[in-house]
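The next block holds one structure in the form of structure tokens; read it before the comments.
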Amino acid sequence: MTSAGFVLAAYGVILGGMGLYAALLARRLRIARDTVRRNNVDLPE
Amino acid sequence: MNGLRQGLAVAMAIARKDAISELRGRQAAGSTLFFAALVLLLFGFALGPDSRRLAEAAPGLLWLAIVFGGLLTMARLHQLEADDGAFEQLALYPVDRRAIYAGKALAGAAVMLVLGGLLLPIVAILYAIPIGTAWLPLLIAVALGAIGFAAIGTAYAGLTVRMRAREVMLPLLMLPVVAPLLLAAVKATAASLSGDPLGELGSWLQLLVAFDVIMLVVGAGTYGFLLED
Amino acid sequence: MKTRILGFVALAAVIGAAVNGLFVVPADLNQGDAQRIMYVHVASAWIAYASFGVTALAGLGYLIRRDLRLDALALAGAEVGVMFTAFAIWGGMMWGRPVWGVYWQWEDPRLTTTALLLALYIGYLLLRRLTDDPARRAARAAVVGLIAAVDIPIVHFSVLWWRGLHQGPTIGDPSKILNPSAPLQFVLALLAMLAAFTLVWAYLLIRRYQLARLEWQLEEDARRGLVQTARLALPGAAAAEEPAR
């Protein structure tokens, strides 16, 4: 692998990883928000 | 002043109780020693019959055996109490948590010191290294390593003892933390064995002392939070 | 909403800093293009240390104040920190192969220290998963976070000495990049990357914190048996699932 290949691998994994983590967080947040809302809908507390 | 003396008395009482129960349960302590010796024997197989290579690796192998045996020891010292619910009662005593921690750590360090002290001659015999002239620095290194290991081990055993999967979690949490201790202890042992030609023994022993002091302070400061939960 | 704006700003900053580091700044004379990896590698490492600082301080704060929001912040720091630690190691390996010829250089204290850091905080995250009660989990995690934090400098010094007590720094030390002799352009590129990563870090920390608070809410709901009553909605089920208080 050339030097450029390693650079690409480093940037790709690191920046891609951050993006993936951000996307996963957004997904988990949406699901959690929905579940909390469902749990607490029309329930006499 | 009075509180300090009372704390010391509590620590000594707990340490004596743990040491006595460890001695009474000779089988458990004996098995730990046997296990550690077995580890040393297996290292011999793993590294092959080249006696010079074994002698070179001996300090590292000795400390890995101590670490493995120490993990078992730390877990057992807390397990005995957790099994019969005595841990909860210990937490209820109106004494300084730091005294309880000190007692437990003292007992742990004493058991580890015995373990290390017995493993030394086994290593000397198995790997054919002369320890006769270097016994004093070796014992100091083993004692400092035992104190540091017990300082961490007491806190982490108290933390994992009532947890799921504690058999895995104790080594998993402890091993990365004791890595610098292992490194310094191995270096100090190697320097003692070789007659310290580079004059670095003192530095490694200092590092061990620093590790011990820092971890004892942190352990004593946080153990109370683990007891009360 | 404000967090979303922060997210877009962070995204733009990272793209800008990456384009700058990859295409605008010239290649290093000695290391060639591989030196470009340093920008993301060093920035990741710094962010990782900052994350674990947040975890330790938030944990300490929890032990003093007993506020579960601080525990949520500690969790956010640890999880984000583990990710950036992994990035730092990955970047170091990708840099080490073309420059040193090996992926893993035991001689380099930073790499070894970082590997232990990763192990320490993966243990922290595992510990959290294995404790159910929120207050108990927070206290245990805080203790582990504190012990890990005080261990880091000891690890660093021991590994530093391990290379040889009387030996100067080796060539190719990553800190060389920040020497005054390094061209200003390289330093600026690194600082730009660091700023961009800091924005991303802030965004991820906030999002993870929000998620931790929601997860805590879900745990509370489950404990009250609300989930069952809402989901099943069978006649009589609500009465049966009513929590005995």
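The values are calculated or read from the model by the stated rules, or taken from the named source; none is laboratory data. This is a predicted model, so every value here is computed, not measured. When we count neighbours, we look across all protein chains shown, and the Cβ atoms used for this are built from the backbone with ideal geometry, even at glycine.
Among residues of the range C:93-104 that are over 14 Å from C:Gly32 (Cα atoms), those with a Cβ under 8 angstrom from a residue that is in a helix (DSSP H, G or I), sequence gap 6+ or separate chain, pair up as C:Val102/C:Gly96; C:Tyr103/C:Met93; C:Tyr103/C:Gly96; C:Tyr103/C:Arg97; C:Trp104/C:Met93; C:Trp104/C:Gly96; C:Trp104/C:Leu111. Of everything listed in (1) more than 14 Å from chain A (Cβ to nearest Cβ); (2) within 20 Å of A:Gly12 (Cα to Cα); (3) of a type outside the set (Val, Ile, Thr), the single unmet condition for C:Trp95 is (1). Candidates in the range B:135-160 are the residues that are touching a Ser or Thr at 6+ places or on another chain (Cβ under 8 Å) and closer than 24 Å to C:Leu125 by Cβ; of these, the one that is nearest to the other protein chains (Cβ to nearest Cβ) is B:Ala155.
Pairing residues of the range B:26-45 that are over 17 Å from B:Ala57 (Cβ atoms) with residues that are modelled with pLDDT under 90, at Cβ distances under 8 Å and at least 6 apart in sequence or on separate chains, gives B:Ala28/B:Glu22; B:Ala28/B:Arg76; B:Ala29/B:Glu22; B:Ala29/B:Leu23; B:Thr32/B:Arg76. Can you pull out every residue in the range B:76-113 that is closer than 30 Å to B:Ala46 by Cβ, of a type in the set (A, V, I, L, M, F, W, C) and modelled with pLDDT under 90? Within the range B:76-113, just B:Leu77 meets the criteria. Tell me, please, whether a residue that is of a type in the set (A, V, I, L, M, F, W, C), modelled with pLDDT under 80 and more than 14 Å from the chain's Cα centre (by Cα) can be found in the range B:44-54. Looking for residues that are of a type in the set (A, V, I, L, M, F, W, C), modelled with pLDDT under 80 and more than 14 Å from the chain's Cα centre (by Cα), one finds none in the range B:44-54, hence no. In this entry, B:Asp212 is excluded by the filter for residues that are of a type in the set (D, E, K, R), more than 8 Å from every other protein chain (Cβ to nearest Cβ) and not in a helix (DSSP H, G or I). Answer yes or no as to whether C:Val143 is facing chain B (nearest Cβ under 9 Å), modelled with pLDDT of 95 or more and more than 16 Å from the chain's Cα centre (by Cα). Spelling it out, C:Val143 is indeed facing chain B (nearest Cβ under 9 Å), modelled with pLDDT of 95 or more and more than 16 Å from the chain's Cα centre (by Cα). The helices (runs of 4 or more DSSP H) found entirely in the range B:16-102 that carry 2 or more residues being under 28 Å from B:Glu228 (Cα atoms) and out of contact with any Cys (no Cβ under 6 Å at 6 or more places or on another chain) are B:51-83, B:86-92. If we scan the range B:146-164, do we find a residue that is more than 17 Å from the chain's Cα centre (by Cα), surrounded by fewer than 24 Cβ atoms within 10 Å (Cβ to Cβ), basic (Lys, Arg) and part of a helix (DSSP H, G or I)? So far as the range B:146-164 goes, no, none of its residues is more than 17 Å from the chain's Cα centre (by Cα), surrounded by fewer than 24 Cβ atoms within 10 Å (Cβ to Cβ), basic (Lys, Arg) and part of a helix (DSSP H, G or I). Residues in the range B:161-173 that are without any contact (Cβ under 8 Å) to a residue 60 or more places away in the chain and either within 7 Å of chain C (Cβ to nearest Cβ) or within 12 Å of B:Met74 (Cα to Cα) (or both): 6 in all. A search for C-beta distances below 6 Å between a residue of the range C:21-41 that is at the interface with chain A (Cβ under 9 Å from one of its Cβ atoms) and any residue that is of a type in the set (S, T, N, Q), counting only pairs 6+ apart in sequence or on different chains, returns C:Gly32/A:Ser3; C:Asp33/A:Ser3; C:Ala34/A:Ser3. Against the list (1) among the aliphatic types (A, V, I, L, M); (2) within 13 Å of the chain's Cα centre (by Cα); (3) within 18 Å of B:Leu208 (Cβ to Cβ), the condition B:Val114 fails is (3). Scanning the range C:53-77 for residues that are more than 13 Å from every other protein chain (Cβ to nearest Cβ) and surrounded by 19 or more Cβ atoms within 10 Å (Cβ to Cβ) gives C:Val54, C:Thr55, C:Ala58, C:Leu70, C:Leu73, C:Ala74, C:Gly77.
Determine whether C:Val150 is at pLDDT 55 or above, surrounded by 14 or more Cβ atoms within 10 Å (Cβ to Cβ) and within 14 Å of another protein chain (Cβ to nearest Cβ). The answer is yes for C:Val150. Looking across the range A:2-45, the residues that are among the hydroxyl-bearing types (Ser, Thr, Tyr) and at the interface with chain C (Cβ under 7 Å from one of its Cβ atoms) come down to A:Ser3, A:Tyr11, A:Tyr21, A:Thr35. Counting the residues of the range B:177-209 that are assigned to a helix (DSSP H, G or I) and away from chain C (no Cβ under 11 Å) gives 7.
Any residue in the range B:125-132 that is among the aromatic types (Phe, Trp, Tyr) and not in a loop (DSSP other than H, G, I, E, B)? Looking for residues that are among the aromatic types (Phe, Trp, Tyr) and not in a loop (DSSP other than H, G, I, E, B), one finds none in the range B:125-132, hence no. Yes or no: C:Arg36 in contact with a helix residue (DSSP H, G or I) (Cβ under 7 Å, 6 or more places away or on another chain), crowded, with 21+ Cβ neighbours inside 10 Å and among the basic types (Lys, Arg)? Considered against the rule, which asks whether it is in contact with a helix residue (DSSP H, G or I) (Cβ under 7 Å, 6 or more places away or on another chain), crowded, with 21+ Cβ neighbours inside 10 Å and among the basic types (Lys, Arg), C:Arg36 comes out as yes. The helices (runs of 4 or more DSSP H) falling completely within the range C:28-145 that include 2 or more residues that are basic (Lys, Arg) map to C:68-100, C:109-129. State all residues of the range C:200-230 that are facing chain A (nearest Cβ under 9 Å) and modelled with pLDDT under 90; if no residue qualifies, say none. Matches in the range C:200-230: C:Asp221, C:Ala222, C:Arg224, C:Leu226, C:Val227, C:Thr229, C:Ala230.
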